[in-house]
Amino acid sequence: MQENLETDQKILRAARKIFVQKGLTGTRMQDIADEAGINKALLHYYYRSKKLLFEIVFKEHKQKMFENLIQILNSDKSVMEKVEQVIEHEQDSLQAFPTMPLFIMNEVHQNPERVFELHTGAMKEVTWQFFKQIEQEIAEGKIRAINPMDLLINLVSLNTFPYLACPMFMHTLGMSEKDVEEFLQNRRHTIKEFFRQALSLEK
């Protein structure tokens with residue numbers, strides 16, 4: 001029983017790595033088997049198809065990304081408090097799973113229908129509710145006027161882009177892995193300050 005569990009975990013770890021590198025279309029079951037150190041017959045015994053294994057891995061990534069976001073956006077906090085909590089959540093998630101943005105972006109470009117099929121309706125609903133809250137706080141004079149879509153795109157971009165661009169920075173700027181790690185550790189504070197200034201009514 002323990003051996004079966006260990007083999008299953010080896011397969012999932014290998015699948016995460018290969019799908020991030022190659023996406024669904026470019027991945028072969030043999031690639032996953034080789035990465036896991038097992039033969040392809042054993043891989044098929046555990047998971048009958050690449051599609052099934054991909055959906056398990058993708059849903060795992062998506063769940064880690066969206067579950068806490070829904071909880072944050074559903075809370076009764078102010079817009080700025082929610083923004084700060086989203087930044088903390090995103091930075092924690094990205095430091096734990098730094099390949100997540102690349103994984104999802106690969107699939108958005110290669111197979112957007114699959115991404116949208118697996119996207120949760122609850123996330124769409126709370127996002128629209130958050131947009132209404134932004135508009136309400138603007139009307140009440142609590143925050144500076146901003147297009148809710150701009151706020152959302154800025155929030156996603158400022159959190160995720162460094163993780164997509166880190167290999168380029170390391171090569172171009174001669175940054176070590178330690179340099180990058182320290183930069184990313186401080187990133188959440190920089191982003192929070194950006195939004196405090198962007199939403200503040202004070203000029």
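Sort out which residues of the stretch 34-90 are more than 30 Å from GLU140 (Cβ to Cβ), touching a Phe, Trp or Tyr at 6+ places or on another chain (Cβ under 7 Å) and open to solvent by less than 70 Å² (accessible area, probe 1.4 Å), and write them in order of number.
Of everything in the stretch 34-90, those that are more than 30 Å from GLU140 (Cβ to Cβ), touching a Phe, Trp or Tyr at 6+ places or on another chain (Cβ under 7 Å) and open to solvent by less than 70 Å² (accessible area, probe 1.4 Å) turn out to be LEU53, PHE54, VAL57, HIS61.
Can you list residue pairs whose Cβ atoms sit under 8 Å apart, with the first residue in the stretch 56-74 being over 22 Å from ALA15 (Cα atoms) and the second being assigned to a helix (DSSP H, G or I) and open to solvent by 40 Å² or more (accessible area, probe 1.4 Å)? Count only pairs 6 or more apart in sequence or on different chains.
So the pair list comes out as ILE70/ALA122; ILE72/GLN85; LEU73/GLN129; ASN74/GLN129.
With the requirement that a residue be at pLDDT 85 or above and surrounded by 14 or more Cβ atoms within 10 Å (Cβ to Cβ), what does the stretch 118-129 give you?
VAL126, THR127
Just to be sure I understand, how many residues within the stretch 170-203 are surrounded by 15 or more Cβ atoms within 10 Å (Cβ to Cβ) and outside any helix (DSSP H, G or I)?
Residues that pass the stated criteria total 1.
Out of the residues in the stretch 133-169 that are in contact (Cβ under 8 Å) with a residue 60 or more places away in the chain and of a type in the set (S, T, N, Q), state the one that is most open to solvent (accessible area, probe 1.4 Å).
Ranking the candidates gives THR160 first.
Could you please tell me which pairs satisfy a Cβ distance under 9 Å, a separation of 6+ or placement on different chains, a first residue in the stretch 22-38 that is more than 16 Å from LYS10 (Cα to Cα), and a second residue that is open to solvent by 10 Å² or more (accessible area, probe 1.4 Å) and not in a helix (DSSP H, G or I)?
Between residues of the stretch 22-38 that are more than 16 Å from LYS10 (Cα to Cα) and residues that are open to solvent by 10 Å² or more (accessible area, probe 1.4 Å) and not in a helix (DSSP H, G or I), the close pairs are LYS22/ARG28; GLY23/ASN111; LEU24/ASN111; THR25/ASN111.
Only one of these conditions is not met by VAL115: (1) out of contact with any Phe, Trp or Tyr (no Cβ under 6 Å at 6 or more places or on another chain); (2) of a type in the set (A, V, I, L, M); (3) at pLDDT 90 or above. Which number is it?
(3)
The values are calculated or read from the model by the stated rules, or taken from the named source; none is laboratory data. Computed from a prediction, not measured in an experiment: that's the story for all the values here. No Cβ is skipped: glycine too gets one built from the backbone with ideal geometry, and neighbour counts run over all protein chains shown. Areas reflect the complete protein model, heavy atoms only, side chains present, ligands, DNA and RNA absent. Shrake-Rupley method; radii C 1.70, N 1.55, O 1.52, S 1.80 Å.
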